[in-house]
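Asks: If you scroll down you'll find the structure; I have some questions about it.
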Protein chains: 2
Amino acid sequence: MTTRSVPYKTYLSEDELPTHYYNVRADMKTDHAPILHPGTLQPVGVADMEPIFCTELAKQELNDSDRLIEIPERVRDFYRMYRPSPLIRAYYLEKALATPARIYYKYEGGNTSGSHKLNSAIAQAYYASEQGLAGLTTETGAGQWGTAMSMACSYFNLELLVYMVKISYEQKPYRKTVMQTYGAEVIPSPSDSTEVGRKMRAEFPDSNGSLGTAISEAVEVAVSSSDRRYVLGSVLNQVLIHQSVIGLEAKAALEKLDEYPDTVIGCAGGGSNLGGLMAPFMEDRLAGRTAPYFIAVEPASCPSLTRGRFAYDFCDTGQVTPLAKMYTLGHAFIPSANHAGGLRYHGMSPILSQLYHDGFLDEARAVEQSAVFAAAELFARTEGTLPAPESAHAIRAAIDEALKCKDSGEEKVILFGLTGNGYFDLLAYQQYNDGTMTDFIPTDEDLDRGFATIPSLPGIQ
Amino acid sequence: MTTRSVPYKTYLSEDELPTHYYNVRADMKTDHAPILHPGTLQPVGVADMEPIFCTELAKQELNDSDRLIEIPERVRDFYRMYRPSPLIRAYYLEKALATPARIYYKYEGGNTSGSHKLNSAIAQAYYASEQGLAGLTTETGAGQWGTAMSMACSYFNLELLVYMVKISYEQKPYRKTVMQTYGAEVIPSPSDSTEVGRKMRAEFPDSNGSLGTAISEAVEVAVSSSDRRYVLGSVLNQVLIHQSVIGLEAKAALEKLDEYPDTVIGCAGGGSNLGGLMAPFMEDRLAGRTAPYFIAVEPASCPSLTRGRFAYDFCDTGQVTPLAKMYTLGHAFIPSANHAGGLRYHGMSPILSQLYHDGFLDEARAVEQSAVFAAAELFARTEGTLPAPESAHAIRAAIDEALKCKDSGEEKVILFGLTGNGYFDLLAYQQYNDGTMTDFIPTDEDLDRGFATIPSLPGIQ
């Protein structure tokens, strides 16, 4: 253990922070399926999006030509507070597995928001600030994204209104506390502050809320105000652009160690983490160079890539957003309540969906949550860090790949994304410890009920 | 902001990890007041301590001659997972304060235990493992120490029994979950598993428990078994030895930046953090070289240094431990329940106490908690990291010192210890946000009740 060719942690210096985001869309040779206006079913332009998103972000959402987008200096300045994040060689996990594989992970949970979400939050807040907006609105379920946006808005002195799913608001009061400490206003959803909220409360007085309703409330407030806009933490093309900073740093750090991954693994809910981690390696693939084998890991209870359909669908349950072509389980699909943590989204980033459809993203793999928590526990005990359940999906796959190497004797280089820490998901760990955690795999009938909500759009592929 | 002489974060490389702990006691010219056996009132030797502590730790406890103690290779190997910890230049706080001071902080909250406690936990577990023990026992209040010991024992495959103060066990179920995830057994105290616990439950069936009772239970289990020992996370000389790694790293990182602190600030509950942070700078002071001005910051509600007495007292409420000469409020003193977070101990590390008594630790300062949380909020919003309430005591003093520099124009270099993150103390933040937090300063009568419990020892100074 004392003589190692590479250190446990590799940090880039602040000077080596990426200066530009990488926009993988510009290198995708596919015809990008346009985003469609929910009313006209015509491709949307920047002007259509401006009531919702600030202008620069609307442009990024539609940008399929610029490969590199400069990271604004003030965003880089904020990144210096918690980036570059460490690239860690999982020596202790390798030892426990007795694998010849060399396992690396990029750890994004070291900031107070606890996850990679902050990378995009600060960029979105910056563009809003530059546009002179007074504030932003968003929704949050488990609270990771709301916390990240609270920190970002605090930094740029923007007001932030967070619609928090009511059940989470009640069950996770401390997430609310962190957001409030950073100055955000947190409102349980459904609320009386919007039309959609009032309607929901009238119809379902006992509603626990849902992400779909919270999105609708946040969007309603944004579009009914001239100096507020809405922000979202995953799925969107703009978010994948910002998250490319993960992969760019990881690739640069590996180059310092004279390593290149054979396999890149990420958990996939909306796709922001895997999309960001794999972007610069996908650049190699798209250019026809040697590239890793890419694996997206999703929960068996919400299997959008492995069992979903590649089709146009609404991005939200409430059907107020544009339609995107993506792998989807149907916008009304809601994963079983016994599914822990995030990765509950019915669809998948259009970029990731297209790459998977075109065969560039090599494999999607669904894993059950008891196997995921077993991997999480082993990781915590060997590598020290308690992982977020979302991240543990990637750990599960990384362990399985490393065990294959043990059988085959291959010294593969495996890179995975450790997107966050597990501090705020301890209820699920408790269930795992208690033996009360159960797995859930939707039946074909369950899926069919979701698929039935995918809109039929005559003439549109 | 773009041209800076020093980076935001400075990391030593793994090769620069300290190889030896520094034992400041060996350089203290004072006659060390011996630890006294509670029965005989005679100075204790290693043999007296061996039923409680493992042998190597008992030796460290009494060691006042060896300046340097080698850090075992397996402990250094574990340190590589989360150390060297970053030395951070508080550019954003400086800017918010408009101070000419240069503020640095050593951040110890980046590991899963969330605090500096892990530095000593892993060392204590190592020596227990080397001695061939089966397991360890300890107590925990808020849970930081119990979590750190759980991680350490998991690493060395030692069983761990944690007596957790009952009210914390009930109010902080997630701390328990983390400990269990690392394989520890967590028992609410008072329990039926010990004599002292059963007695307490019989007398006070509704007891919420106390740290004093939990210590007594953990010690009872340890001494009644041949292959278990007891471990403690602060106050002890051995703990300050291990925590010197904080100061050694901080000093080395500052040397790289060609800086030397004018002021060193740490929060002080039992003294482990400040003792560790200041050790190598205190070495300079004790050798008559230029040295910083040292400030210990404690809560006004538990003012052992500022209002306590320098006297022999029991280290625990239950009077089962040896007596140490230290600043104490009396072993029966219990701070007001409205005091948030840690720093609730009635006494103070004997090393820190002696240094303060001898004038080497320059100043002790008591601060009220509403002022502490105001500092915590400002810090969180400017520097990103949500601090533990304990750490925020040091932030308060650092801000006050920096504001003095603003008035005087002095460009002082201020170093403080940020011992942990605030993830598990959000109830207190919530009270601060809600405006329900109150301050509490004990009256002279309150203190007199505590002082009355300091034992009168004829013939012993």
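Asks: Put a point 7 Å out from Cα along the line to Cβ at residue A:439; what are the distances to that point in the other copies, in nm, shortest first?
Replies: Once sorted, the set of distances for residue A:439 reads 5.8 nm.
Asks: Return one number: the angle in degrees, 0 to 90 and rounded to the nearest 10, between the long axis of the Cα atoms of helix B:389-408 and the longest principal axis of the Cα atoms of chain B.
Replies: So the helix axis and the longest Cα principal axis differ by about 30 degrees.
Asks: Nearest 20 debye, what's the magnitude of the dipole of chain A about its Cα centre given +1 on Lys and Arg Cβ and -1 on Asp and Glu Cβ?
Replies: Working: 39 positive and 57 negative charges, 126 e Å.
In debye, rounded to 20, chain A gives about 600.
Asks: In addition: At R0 = 22 Å, how high is the FRET efficiency between residue A:226 and residue A:130 if r is their beta carbon distance? Nearest 0.05 is fine. Walk me through the numbers before you get to the answer.
Replies: Values: r = 16 Å, r/R0 = 0.74.
Calculated value: 0.85.
Asks: How do A:238-251, B:301-314, B:191-204 rank on mean C-beta neighbours within 10 Å, highest first? All intermediate terms of the calculation are to be shown ahead of the outcome.
Replies: Values: A:238-251: 27.7, B:301-314: 22.9, B:191-204: 15.6.
Averaged packing, sorted descending, gives the order A:238-251, B:301-314, B:191-204.
Asks: Right, something else. Calculate the all-directions average of the projected area of region B:1-141's alpha-carbon convex hull, and give it in nm². Walk me through the numbers on the way to the answer.
Replies: Numbers: hull surface 51.9 nm².
About 13.0 nm², averaged over all directions.
Asks: Quick check: from the Cα gyration tensor, does region A:126-259 come out rounded (a/c under 1.5), prolate or oblate? Walk me through the intermediate numbers first.
Replies: Values: a/c = 2.18, a/b = 1.73, b/c = 1.26.
Prolate, since a/c reaches 1.5 and a/b exceeds b/c.
Asks: Measure off, as a whole percent, the carbon and sulfur share of the 1.4 Å-probe accessible area of region B:281-372, all protein chains present. Write out the running numbers ahead of the final one.
Replies: Values: 1410 of 2840 Å².
The value for region B:281-372 is 50 percent carbon and sulfur by accessible area.
Asks: Further question on the same structure: Determine the order of A:20, A:32 by accessible area, beginning with the largest, at a probe radius of 1.4 Å. If you can, show how the numbers build up before the last one.
Replies: Numbers: A:20 70, A:32 45 Å².
In descending accessible area the options line up as A:20, A:32.
Asks: When ligands, DNA and RNA are left out and all protein chains stay put, how many square angstrom of accessible area per residue does region A:1-64 have with a 1.4 Å probe? Could you put the intermediate results ahead of the total?
Replies: Values: 3010 Å² over 64 residues.
That works out to 47 Å² for each residue.
Asks: What does the convex hull of the Cα atoms come to per residue for region A:304-379, in Å³?
Replies: Given the Cα convex hull of region A:304-379, per-residue volume reads 104 Å³.
Asks: Oh, and also: How much accessible area per residue does region A:214-271 have, counting only protein heavy atoms and a probe of 1.4 Å, in square angstrom?
Replies: The answer is 25 Å² per residue.
Asks: Please report the net charge: other residues with Cβ closer than 13 Å to the Cβ of residue B:346, K and R +1, D and E -1. Kindly include the intermediate steps, with their values, before the conclusion.
Replies: Values: positive: B:307, B:309, B:344, B:449; negative: B:298, B:313, B:316, B:446.
So the environment of residue B:346 carries a net charge of 0.
Asks: State the percent of C-alpha pairs, over all pairs in chain B, separated by a distance greater than 31 angstrom.
Replies: Working: 38926 of 106030 pairs.
So the portion of pairs separated by more than 31 Å is 37 percent.
Asks: Leaving out ligands, DNA and RNA but keeping every protein chain, what accessible area does residue B:427 have, in Å² rounded to the nearest 10, with a 1.4 Å probe?
Replies: Near enough 90 Å² of accessible area.
Asks: How much of residue B:317 can a 1.4 Å solvent probe reach, expressed as accessible area in Å² and rounded to 10?
Replies: Surface open to solvent at residue B:317 totals about 60 Å².
Asks: List the accessible area buried at the contact between A and B, summed over both sides and calculated with a 1.4 Å probe, in Å² to the nearest 100.
Replies: On the way: alone 17840 and 17830 Å², together 31640 Å².
So the total buried area for this chain pair works out to about 4000 Å².
Asks: In square angstrom, what is the accessible area per residue of region A:303-461 with a 1.4 angstrom probe? Before the final figure, lay out each step's value.
Replies: Working: 5760 Å² over 159 residues.
Spelled out: the 1.4 Å probe surface of region A:303-461, per residue, equals 36 Å².
Asks: Something else: Which residues, if any, in region B:426-447 have at least 50 Å² less accessible area in the whole protein complex than in the isolated chain, probe 1.4 Å?
Replies: B:426, B:430, B:433
Asks: Name the residues of region A:42-90 whose accessible area falls by at least 20 Å² when all protein chains are present instead of the chain alone, probe 1.4 Å?
Replies: Residues of region A:42-90 that lose at least 20 Å² of accessible area once the other chains are added: A:73, A:77, A:80, A:81.
Asks: Still on this structure: Tell me whether region B:108-168 comes out rounded, prolate or oblate; compute the Cα gyration tensor, take square roots of the eigenvalues as a ≥ b ≥ c, and use a/c under 1.5 as the rounded threshold.
Replies: On the way: a/c = 2.52, a/b = 1.27, b/c = 1.99.
It is oblate, given that a/c is not under 1.5 and a/b is not larger than b/c.
Asks: Along the principal axes of its C-alpha atoms, what lengths does the protein assembly as shown span, in descending order and rounded to whole Å?
Replies: That works out to 100, 63, 56 Å along the principal axes.
Asks: For chain A, what is the mean residue ellipticity at 222 nm derived from helices alone (per DSSP H run of n ≥ 4: -39500 (n - 2.57); sum divided by total residues; nearest 500 deg cm²/dmol)? Don't skip to the end; give the middle numbers.
Replies: Values: 18 runs with 188 residues, N = 461.
Helix-only estimate at 222 nm: -12000 deg cm²/dmol.
Asks: List, shortest first and in nm to one decimal, how far the label point of residue A:403 (7 Å from Cα along Cα→Cβ) is from its counterparts in the other copies.
Replies: The projected label point of residue A:403 is separated from its counterparts by 5.8 nm.
Asks: Using a 10 Å cut-off on Cβ atoms, rank the peptides B:399-411, B:43-55 from the highest mean neighbour count down.
Replies: Going by the mean number of other Cβ atoms within 10 Å, highest first, we get B:43-55, B:399-411.
Asks: List for region A:1-32: residues with 40 Å² or greater reduction in accessible area, all protein chains versus chain alone, probe 1.4 Å?
Replies: Buried-area filter returns A:2, A:8, A:9, A:11, A:14.
Asks: Let me ask another. Ignoring any ligand, DNA or RNA, what whole percent of the accessible area of region B:1-137 comes from carbon and sulfur when the probe is 1.4 angstrom?
Replies: Taking all protein chains in place, region B:1-137 shows 48 percent carbon and sulfur surface.
Asks: When the expected Rg is taken as 2.2 N^0.38 Å, what fraction or multiple of it is the alpha-carbon Rg of region B:1-74?
Replies: 1.71
Asks: Here's a follow-up. Please determine, in degrees from 0 to 90 and to the nearest 10, the orientation of helix B:211-223 with respect to the longest principal axis defined by the Cα atoms of chain B, where the helix direction is its Cα long axis.
Replies: So the helix axis and the longest Cα principal axis differ by about 60 degrees.
Asks: Looking at the square roots a ≥ b ≥ c of the eigenvalues of the Cα gyration tensor of region B:222-299, which shape do they give, rounded for a/c under 1.5, prolate if a/b is larger than b/c, or oblate?
Replies: Working: a/c = 2.84, a/b = 2.17, b/c = 1.31.
The shape class here is prolate.
Asks: Compute the Kirkwood hydrodynamic radius of region B:362-461, taking the inverse of the mean of 1/r over all pairs of distinct Cα atoms, and give it in Å to one decimal.
Replies: Working: mean 1/r = 0.0625 Å⁻¹.
With all distinct Cα pairs of region B:362-461 included, I get 16.0 Å.
Asks: For region A:52-93, which trypsin sites (Lys or Arg not before Pro) pass both filters: DSSP loop (anything but H, G, I, E, B) and at most 16 other C-beta atoms within 10 Å? Please report the intermediate quantities before stating the final value.
Replies: Details: sites: A:59, A:67, A:74, A:76, A:80, A:89; in loops: A:67, A:80.
Listed in order of number, the matching sites are A:67.
Asks: Would you work out which of A:178, A:82, A:205 lies farthest towards the positive end of the dipole of region A:78-217, given +1 charges on the beta-carbon of Lys and Arg and -1 on that of Asp and Glu, about the Cα centre?
Replies: With unit charges placed on the Cβ atoms, the residue in question is A:82.
Asks: Follow-up. Between the label point of residue A:50 and that of the same position in each other copy, find the distances and list them shortest first in nm, with every label point placed 7 Å from Cα along the Cα-to-C-beta direction.
Replies: For residue A:50, the inter-copy label distances come out at 8.3 nm.
Asks: Would you mind checking the tilt of helix A:272-286 against the longest principal axis of the Cα atoms of chain A, expressed as 0 to 90 degrees and rounded to 10?
Replies: That works out to roughly 60 degrees.
Asks: What part of the accessible area of region B:175-215, given as a whole %, is carbon or sulfur when the probe is 1.4 angstrom? Walk me through the intermediate numbers first.
Replies: Working: 910 of 1910 Å².
In region B:175-215, the share of accessible area belonging to carbon and sulfur is 48 percent.
The values are calculated or read from the model by the stated rules, or taken from the named source; none is laboratory data. These numbers come from a predicted model, not from an experiment. No Cβ is skipped: glycine too gets one built from the backbone with ideal geometry, and neighbour counts run over all protein chains shown. Keep in mind that these areas ignore ligands, DNA and RNA; they rest on the heavy atoms of the full protein, side chains included. Shrake-Rupley method; radii C 1.70, N 1.55, O 1.52, S 1.80 Å.
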